[in-house]
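Student: Dropping a structure here in structure tokens format, bear with me for questions.
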Amino acid sequence: MLGAFLSFLAATFFALNNATTRRGVITGTVAQAMAITVPMGVPLFFLPLLVFDQLGVFAQLSGYTIFLFSVAGVLHFVWGRYCNYRASKAIGANLQGPASQSDIVITLALAVLFLDEKLTPMRVLGILLVVGGPLVTMVGDLRAARKKAPELESKSGFQPKYFEGYLFAVLSGTGYGLSPIIVRLALRDANLGMAGGLAGGFISYLAAALFISLFAFVPGQLNQVRKLDAKTRNWFIASGVTVMLSQMFRYLALSVAPVTVVQPIQRLSLVLRFFFSYVMNRDHEVFGRKVWISTAVSLVGAVLLSMSMDQVAAVLPLPDWLVTFMKTEWP
């Protein structure tokens, strides 16, 4: 139950992060967003460790565990976030959301291979819905764009760049899909509970920040950050805070619950992002019927992935043979 609650908090702050990031990249660049949001995670993750007197946990981590946390940090906070920001700038948070759900398929496949977690017919159905809903919408949008058909527009006249947006949305799923498996392996090796989760988050952010710092020496990069206007900078700062809170709750959830519980519940961010987008970015987002349908189909799949057959059977009067079949585990 605690793991589910922490996952819900992670989903809420991730949805809010999508809205603040989207607002920032309207006038700012992806490089500027990365330069601000990634380094911010280091002190923000260190603070709860200091407040709760958990600094001693670092001495209990093996080199292998630190390495795993570091790899997860670069994959998630550098590669995954960069692709996520590119997608948000190209097509907006609403269109991007369903397309980025490829991460849950990657996560569940790797959880079966490396964490001894199981697949069931119900989970397979959930995967098909998670992938199928966005895929139909993506194919239709790309076909319309190729024919130069009238595009969906936001109230502000924003026209989505479908190919770029969908490409980077799917690519973000590779980083976001791999990292939970690596984090879970690290936490299992450390076996330090929630304190290990906080330490892992700090190490992951530190590794990502060090990686990002290498690009500070590329000519022109520092000038890009200095050129930020105050309004855009504030949106990126808000993005950095909200994404840090999302990741903190995610690491804590992974420290007390399996990946196959944490990742599907985080799909609630799909619905929550519509709320935050409408409140904060209604003039800069696309709100179309296809977007709602794609999101709904993907969310149903995520719900199926997060529930057990026993929970479903307790609500619906299903025949015994169907319940038995749907509970079949593989491998």
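Bear in mind these aren't lab numbers, they're just calculated from the coordinates by the rules spelled out. None of these values were measured; they are calculated from a predicted model. Note that each Cβ is placed from the backbone with ideal geometry, even for glycine, and that neighbours are counted across all protein chains shown.
Student: Using a basic spin-label model with each label point 7 Å from the Cα along Cα→Cβ, how many nm lie between ALA313 and VAL279?
Tutor: Result: 4.0 nm between the two label points.
Student: Quick one: which residues, 5+ away or cross-chain, put their amide H under 5 Å from the amide H of LEU119? H built at 1.01 Å from N.
Tutor: Amide H neighbours of LEU119: TRP330.
Student: Rounded to whole Hz and in sequence order, give me ³J(HN,Hα) for the stretch 183-199 from the Karplus expression 6.51 cos²θ - 1.76 cosθ + 1.60, θ = phi - 60°, writing x for Gly and Pro.
Tutor: Per residue, the Karplus-derived 3J(HN,Hα) values read 4, 5, 4, 5, 5, 5, 5, 6, 6, 10, x, 5, 5, x, x, 5, 5 Hz.
Student: Based only on other Cβ atoms within 10 Å, what is the fewest-to-most ordering of ASP53, ASP103?
Tutor: If I rank by nearby Cβ atoms, fewest first, I get ASP53, ASP103.
Student: What ³J(HN,Hα) values, in whole Hz, does the Karplus curve 6.51 cos²θ - 1.76 cosθ + 1.60 give for the stretch 310-315 when θ = phi - 60°, with x put for Gly and Pro?
Tutor: Each residue's phi maps through the Karplus curve to give 4, 5, 5, 5, 6, 9 Hz.
Student: Separate question: What are the ³J(HN,Hα) values, in whole Hz, obtained from phi via the Karplus relation 6.51 cos²θ - 1.76 cosθ + 1.60 with θ = phi - 60°, for each residue of the stretch 166-180 in sequence order, with x given for Gly and Pro?
Tutor: 5, 4, 6, 5, 5, 5, 4, x, 5, x, 5, x, 6, 4, x
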